[in-house]
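Just below is one structure, and these are the notes that go with it.
The values are calculated or read from the model by the stated rules, or taken from the named source; none is laboratory data. Note that the structure is a prediction, hence the values are computed from the model and not measured. All Cβ positions, even for glycine, are placed from backbone atoms using ideal geometry, and neighbour counts span all protein chains on display.
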Amino acid sequence: MRVGGFGKRNETCQQALEYRFYSCKRILKQKYPGKIIKRGDRFKKSTPPTVTDMLKKICYTLLILGVLGATNTQAQKVLEYKKYYHDGQAKIKAGNYQEAIADLDKAIERMPYYSAMYAERGEAKFKTKDYAGAVSDFTITLQKKPYDYQTYIKRGIAYYHLQDYVNAELDLQDALHYKPYEKQAQQYLAKTQAQLKVIEQQVLAQQNAVLATQNQQNERNRWERRQRRFYRNQLIWGTLLPLAIWTGILLWR
């Protein structure tokens with residue numbers, strides 16, 4: 001009896017659920033005409049977008065547009081950098097160093113990250129005998145690529161032409177450290193060390209000349225002191241002492 005009663009109650013609940021579903025289905029068909037209603041479908045209450053939602057959408061749209069614009073600008077810079085860089089290389093090979101420097105300036109302005117452009121511009125400045133500018137570009141190249149022995153050689157030669165023989169010797173020694181038998185580095189290192197020896201001899205000669213001048217001045221000062229001492233003694237023994245003696249004699253009488 002209990003089982004039968006439970007089954008009848010369960011059947012009644014099932015009928016109630018079916019009635020509720022079909023009632024809701026009829027209402028939903030009236031609200032959403034043309035839509036196929038299935039068991040388990042969910043319907044959200046449509047609400048108009050708020051101001052916050054609209055602002056979020058606008059911000060997301062502007063962010064996406066900004067990213068796309070930055071990407072497009074960066075791509076354009078890359079294309080321009082490649083054009084100016086290749087033009088500069090071609091003009092260096094053709095011997096048009098001033099025009100090559102102008103093109104490489106524009107390439108570096110658009111993409112100031114690559115050491116090769118500074119090395120190329122330093123080479124062009126070296127050819128135009130702008131040794132200070134070449135040293136500046138070679139220094140940036142070595143900061144980005146510290147094991148480039150060729151750049152050490154070029155900067156050492158530029159220092160040599162600027163008569164900065166100490167830095168020239170250091171750069172050429174660094175170049176020979178990375179490539180011990182490089183002939184150009186050996187030749188300029190020998191020239192640099194010869195110039196340093198000449199400068200050392202000149203410095204020693206100047207120091208000796210200064211010492212000789214100081215010795216002469218000291219000797220002259222000693223001679224003047226002896227002369228003053230002699231005149232003072234002459235004054236005391238030749239004039240003051242006899243005068244004092246005769247004055248005493250006269251007063252004693």
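Here are a few things to note about the model shown:
- Residue under evaluation Q98, criteria (1) modelled with pLDDT of 90 or more; (2) more than 21 Å from the chain's Cα centre (by Cα); (3) buried (at least 21 other Cβ atoms within 10 Å of the Cβ), criterion not met: (3)
- Among the residues of segment 97-127, those that are of a type outside the set (A, V, I, L, M, F, W, C) and closer than 22 Å to H161 by Cα comprise Y97, Q98, Y118, E120, R121, G122, E123, K125, K127.
- Figure legend. Inter-residue proximity from segment 163-181: first residues without any contact (Cβ under 8 Å) to a residue 60 or more places away in the chain and basic (K, R), second residues in a helix (DSSP H, G or I) and surrounded by fewer than 19 Cβ atoms within 10 Å (Cβ to Cβ), beta-carbon distance below 7 Å, spacing 6+ or different chains. Indicated pairs: K179/Y149.
- Taken together, the residues in segment 96-112 that are without any contact (Cβ under 8 Å) to a residue 24 or more places away in the chain and in a loop (DSSP other than H, G, I, E, B) amount to 2.
- Y84 being aromatic (F, W, Y), assigned to a helix (DSSP H, G or I), buried (at least 19 other Cβ atoms within 10 Å of the Cβ) and at pLDDT 95 or above: no
- Listing of helices (runs of 4 or more DSSP H) fully contained in segment 139-253 that carry 1 or more residues being β-branched (V, I, T) and surrounded by 13 or more Cβ atoms within 10 Å (Cβ to Cβ): 149-161, 183-235
- Residues of segment 113-138 satisfying the condition of being among the hydroxyl-bearing types (S, T, Y) and surrounded by fewer than 19 Cβ atoms within 10 Å (Cβ to Cβ): Y113, Y114, S115, T128, S136
- Flag for K125 being touching a helix residue (DSSP H, G or I) at 6+ places or on another chain (Cβ under 8 Å) and among the charged types (D, E, K, R): yes
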